[in-house]
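To keep things clear, I will list the structure first and then write my remarks on it.
The values are calculated or read from the model by the stated rules, or taken from the named source; none is laboratory data. Only a predicted model underlies this, so the values are computations on that prediction, with no experimental measurement involved. Neighbour counts are summed over all protein chains in view; Cβ atoms, including those assigned to glycine, are modelled from backbone coordinates with ideal geometry. Side chains included, ligands, DNA and RNA excluded: accessible areas come from the protein's heavy atoms. Shrake-Rupley method; radii C 1.70, N 1.55, O 1.52, S 1.80 Å.
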Amino acid sequence: MPTSTWFRLNVAKRARVLEVAMKEFGEHGYSTGSLNTIAREAGIAKGSLFQYFNDKLEFFAFVCDEASRRIREEMERRMARIDFDQQFDEWLFDVMCDWSEYMETHPLERGVTAATMFELDNAVRSVVRDTANQHYLQVIHPTLELWLERGEIRADADLEVLATTILALLPFLALAPYYDGLDPIHGLRGRTPAQQRPVIRQLIAGYRPMFAPEK
């Protein structure tokens, strides 16, 4: 958690430090992300960062949590606008398309997502991924239970397996179009959100036997 000094900063300065940190960590990760660069670009002394946070890991964890919170809150807003009067797989397709569009237009959040996924230090990755995963699951689990109650997911479907599948698919769709070597099957690298749509539909169709109600 940040220190009380962080919360006493004016809102604009906090926002500037966070934006610069998201950019630096998103481009270079935790290990090579430079606190000197963050301090310089934010217009503060490097020592000030240690008045706001106890150490670099706490700072990185806070940045990752803030990025995950932004992503979750925006996706919750977008999901609230999607038509619920359709089949689950069509609704999921709409959500995934919104997700791919969000990731294209929010490079800072996308970069931090990559930093949490690609971090080599197991202890660091565990800290930040545990937090990010909780943001995902706060949305995924209640939504799946709602669709189960509506009969759009069959009663014997394993919701834990389905949640795991979605939890793995979201970072894949977020990052594969922007980073080399993540998708040797579908060729998502460099595709726009519109060009990703056929792949998203193909993936959901492949998962459909996991949840489709019996006719």
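In square nanometres, what is one fourth of the surface area of the convex hull spanned by the alpha carbons of region 65-106? Average of the hull's projected areas for region 65-106 equals 2.9 nm². Result for the chain in a Gaussian network model with C-alpha springs under 10 Å: among ALA67, ALA174, ALA163, the largest mean-square fluctuation is at ALA163. Largest accessible area first, the residues LYS13, LYS23 order themselves as LYS23, LYS13 under a 1.4 Å probe with ligands, DNA and RNA left out. With one equal scatterer per alpha carbon and no solvent term, the Debye-computed log10 I(q)/I(0) for region 108-215 at 0.14 1/Å reads -0.68. Per residue, the Cα convex hull of the chain amounts to 134 Å³.
At a Förster distance of 41 Å, what's the computed FRET efficiency of GLU214 paired with GLU73, Cβ-Cβ distance as r, to 0.05? Between GLU214 and GLU73 the formula returns 0.70.
Within the listed set ASP89, ASP65, ASP55, the Gaussian network model of the chain (springs between alpha-carbon atoms below 10 Å) gives the highest mean-square fluctuation for ASP55.
For the chain, adding -39500 (n - 2.57) for each run of n ≥ 4 DSSP H residues and dividing by the number of residues yields -24500 deg cm²/dmol at 222 nm.
Protein heavy-atom accessible surface, 1.4 Å probe, per residue over the chain: 51 Å². For the chain, the relative contact order is 22 percent, taking Cα pairs closer than 8 Å that sit 6 or more residues apart in sequence and dividing their mean separation by the residue count. Among the chymotrypsin sites (Phe, Trp or Tyr not before Pro) in region 1-110, those placed in a DSSP loop whose Cβ has at most 12 other Cβ atoms within 10 Å are PHE84.
Roughly what angle does helix 107-118 make with the longest principal axis of the chain, taking Cα atoms, 0 to 90 degrees, to the nearest 10? Its long axis makes an angle of about 80 degrees.
If the Kirkwood radius is taken over C-alpha pairs of region 165-215, then at 25 °C and 0.890 mPa s the Stokes-Einstein diffusion coefficient equals 208 µm²/s.
Sorting 193-204, 178-189 by average packing, meaning the other beta carbons within 10 Å per residue, from highest down gives 193-204, 178-189. Against the chain, whose longest principal axis comes from its Cα atoms, helix 159-175 is set at around 60 degrees. For the chain, lysine pairs with C-alpha atoms less than 28 angstrom apart, excluding pairs fewer than eight positions apart on the same chain, total 6.
May I ask for the angle, rounded to the nearest 10°, between helix 11-32 and the longest principal axis of the chain, with both axes built from Cα atoms and the value confined to 0 to 90°? Roughly 80 degrees between the two axes.
The modelled label-to-label distance for the pair ARG81/ARG40, using points 7 Å beyond Cα in the direction of Cβ, is 4.0 nm.
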